[in-house]
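A.B. asks: First the structure, then my questions, so here it is.
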Amino acid sequence: MKDEPIRYQVQLADPAGHRYAIRLTISQPDPNGQLLRLPAWIPGSYLIRDFARQIETLQARDDTGAVAVDKTDSHTWRCAQTSGPLTVDYIVYAWDLSVRGAHFDESHAFFNGCSLFLAVVGQESRPCLLDIRPPAHTKDWQVHTSLPPAAGQPGCAKPRGFGCYHASDYDALIDHPVEIGTPQHISFNACGATHHLVFTGVAPQLDLQRIATDVQKICTAQIELFEPDSRQAPFLDSAGHYTFLTMITGDGYGGLEHRASTALMIARHDLPMRGQPAPEGYETFLGLVSHEYFHTWNVKRIKPAAFAPYDLSQPNHTRLLWVFEGFTSYYDDLMLLRAGVIDEPAYLKILARTLDQVLRGGGRLKQSVADSSFDAWTRYYKQDENSPNALVSYYTKGSLVALGLDLEIRHRSGQSRSLDDVMRLLWDRYGRDFYQGRPQGVPEDALPALILEATGVDVSRFLQQYAEGCADVPLKEALARDGIALTAEPEHARPALGVRSKAEQHGLRLTTVYEGGSAHQAGLSAGDLLIAADGLRITDAAALDRLLDVHQAGDRITLHVFRRDELRQYQAQLEPAVLKHKLERTAAADLSSGITA
């Protein structure tokens, strides 16, 4: 009985009401009263989500009848003492169309385990069996997941079939999302490993073959980065294949990494259609794919010590998210270039956009990427109107720190070492065997010594200035050594107010007022509704731009706004347009040693 699995059954009970019916069977419950707990957050998304709020009803029983259940905190239930097997039935409401939660209607079903599966406290290391039952309203649906079938078990699922699946423990159970329905799908092989692309949502004439060809190149390039000799994919330790689960919507975007799969969301207009040129946004989709696939190594296996193991009942703080998300953000677009799905000018254009984004916000001068990492739970994931003035993204600035670090290592090692060597050492030391009984995370203070070991370059001062400190990474000089010129000039001749805004029925709502900018100096605030400038009505951003077009930086204009229900007037002195950065190759470089190699 020692290895008797924990059993879960999922019934697609009510598509119109968006409800899953879950049955949990525990053969050996705690005789003192079994605790059950749903995760408060999902790895990869650092915010308390309170998934337990979607559990509508919960009952327990044993062989003798009903077992009393008390809720002990927001995420935990305690069952009364029982001497025999315990069965728990509960209903989960699922109407969260995101990569993080669960969604279910008559068109499809999607879930992350964190939203559905109660952990059996004290028995999380036991193997788990998941029985996914077919819906009553259709016979056409298939199951798409990286979770392996439960070989040798009654009702073992066939490929893409309903039935029984196996997880080595609870952590594995909740790390394989599931998509059920009739999606479009295609498979390909990269370095001997099978990969599945699954697309849910309306997308007529979707060019699956083009997507598969491009994604195959990306996957191959990343596998060869980490395993240049063996060319072995990392997920063979937990699944026989990798699955990209993509939800297509009108305007969605997002991704969440898992150990052998990823859940993605993308706008329909960003995907290629058969017989048509690839849309401009296709590059965005490929970057998202590359980012989440890179996480298969960096954060799903190479983890900060704070995540080894996760405590899903409370925030897990680390100052290293800039390494796990920032490094990944650096490599996601770089791998598109190395894979040959974009060219160097396209890559430099992406890099310039990142510079524009980071340098626009004054928060980068107040918060380091290390502090931003630690405060992700309370600041980065809870952004408000003042966030651009107060915080920095450990994704975007983290990627610039990674770029600067890569350039620094290459320069000081005479082009003999790079950040690639650091990633391979991290993989060898912490990642390759993480799920092989040796789960060890990267200590908070280990990075300088690891980089020195991997490259022979001491970057302690660099990290202190640009990761622990708030200084801007000096990329202009570093890129120039690589034959790339970095310049900046005003985006256009039109002066600016120093705000972000969105159109509403009666004017422009100011969503952010940049600190030190024209609007800030005039006294405007986020939330103000701009209705007129120089006596002319402002209905949208285009109307404001037309007015600004006849002015120059330094001119003063009169603004009328509603703050709450009060009409107010301000005088603003216009500022120059925001700087736009440009990167271009100016000299022939040894492409075997440069960052764009």
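The values are calculated or read from the model by the stated rules, or taken from the named source; none is laboratory data. This structure is a prediction, so every number in the text was calculated from the model and none was measured. A quick note on method: Cβ atoms are made from the backbone with ideal geometry, for glycine too, and the neighbour counts reach across all protein chains shown. Heavy atoms of the whole protein, side chains included, go into the accessibility calculation; ligands, DNA and RNA do not. Shrake-Rupley method; radii C 1.70, N 1.55, O 1.52, S 1.80 Å.
A.B. asks: Where in segment 443-484 are the helices (runs of 4 or more DSSP H), entirely inside, with at least 3 residues that are under 24 Å from Ala308 (Cβ atoms) and either touching a Cys at 6+ places or on another chain (Cβ under 9 Å) or without any contact (Cβ under 8 Å) to a residue 24 or more places away in the chain (or both)?
C.D. replies: Ranges flagged: 447-455.
A.B. asks: Which of the residues spanning segment 23-43 are over 15 Å from Trp77 (Cβ atoms), open to solvent by less than 10 Å² (accessible area, probe 1.4 Å) and not in a strand (DSSP E or B)?
C.D. replies: Trp41
A.B. asks: Going through Val392, Val401, Val358 one at a time, which residue ends up being out of contact with any strand residue (DSSP E or B) (no Cβ under 7 Å at 6 or more places or on another chain) and not in a helix (DSSP H, G or I)?
C.D. replies: Val392
A.B. asks: Inspect segment 561-568 for any residue being at pLDDT 95 or above and touching a helix residue (DSSP H, G or I) at 6+ places or on another chain (Cβ under 8 Å) and give the result as yes or no.
C.D. replies: No, there is no match, as no residue in segment 561-568 is at pLDDT 95 or above and touching a helix residue (DSSP H, G or I) at 6+ places or on another chain (Cβ under 8 Å).
A.B. asks: What's the total number of residues in segment 244-277 that are open to solvent by 20 Å² or more (accessible area, probe 1.4 Å), among the charged types (D, E, K, R) and more than 17 Å from His185 (Cα to Cα)?
C.D. replies: Going through segment 244-277 one residue at a time, the tally reaches 2.
A.B. asks: Filter segment 508-521 down to residues that are of a type outside the set (S, T, N, Q), open to solvent by 20 Å² or more (accessible area, probe 1.4 Å) and more than 19 Å from Gln357 (Cα to Cα), then give me how many there are.
C.D. replies: Adding up the residues that qualify gives 2.
A.B. asks: For Glu575, indicate whether it is of a type in the set (D, E, K, R) and closer than 30 Å to Gln415 by Cα.
C.D. replies: No: the conditions fail for Glu575.
A.B. asks: Of all the strands (runs of 3 or more DSSP E) wholly in segment 125-221, which have at least 2 residues that are over 17 Å from Ala102 (Cα atoms)?
C.D. replies: 128-132, 163-167, 184-190, 193-200
A.B. asks: Name the single residue, out of those in segment 278-292 being under 14 Å from the mean Cα position of the chain (by Cα) and of a type in the set (Ser, Thr, Tyr), that is surrounded by the most Cβ atoms within 10 Å (Cβ to Cβ).
C.D. replies: Among residues in segment 278-292 that are under 14 Å from the mean Cα position of the chain (by Cα) and of a type in the set (Ser, Thr, Tyr), the one surrounded by the most Cβ atoms within 10 Å (Cβ to Cβ) is Ser290.
A.B. asks: Exactly one of (1) open to solvent by 30 Å² or more (accessible area, probe 1.4 Å); (2) more than 24 Å from Pro39 (Cβ to Cβ); (3) under 17 Å from the mean Cα position of the chain (by Cα) is unmet by Arg360. Its number?
C.D. replies: If we test Arg360 against (1) open to solvent by 30 Å² or more (accessible area, probe 1.4 Å); (2) more than 24 Å from Pro39 (Cβ to Cβ); (3) under 17 Å from the mean Cα position of the chain (by Cα), just (3) comes out false.
A.B. asks: Now for a separate question. From (1) open to solvent by less than 20 Å² (accessible area, probe 1.4 Å); (2) more than 21 Å from Thr318 (Cβ to Cβ); (3) touching a His at 6+ places or on another chain (Cβ under 9 Å), pick out the condition that doesn't hold for Leu403.
C.D. replies: (3)
A.B. asks: What are the pairs, 6+ residues apart or on separate chains, where a residue within segment 116-128 that is of a type in the set (Ser, Thr, Tyr) has its Cβ under 6 Å from a residue that is open to solvent by 10 Å² or more (accessible area, probe 1.4 Å) and at pLDDT 95 or above?
C.D. replies: Note: pairs meeting the criteria are Ser125/Asp169.
A.B. asks: Looking at segment 284-297, I want the residues that are closer than 13 Å to Arg338 by Cβ and have a partner that is hydrophobic (A, V, I, L, M, F, W, C) and assigned to a loop (DSSP other than H, G, I, E, B) with Cβ atoms under 8 Å, at least 6 apart or on another chain. Which pairs are those?
C.D. replies: Within 8 Å, the pairs are Leu286/Val341; Leu286/Ile342.
A.B. asks: Residues of segment 57-97 being open to solvent by 30 Å² or more (accessible area, probe 1.4 Å), of a type in the set (Gly, Ala, Ser) and under 33 Å from the mean Cα position of the chain (by Cα), which ones?
C.D. replies: Passing the criteria: only Ser74.
A.B. asks: Whether any residue in segment 555-575 is open to solvent by less than 70 Å² (accessible area, probe 1.4 Å) and closer than 30 Å to Leu475 by Cβ is what I want to check.
C.D. replies: Yes, segment 555-575 contains at least one residue that is open to solvent by less than 70 Å² (accessible area, probe 1.4 Å) and closer than 30 Å to Leu475 by Cβ.
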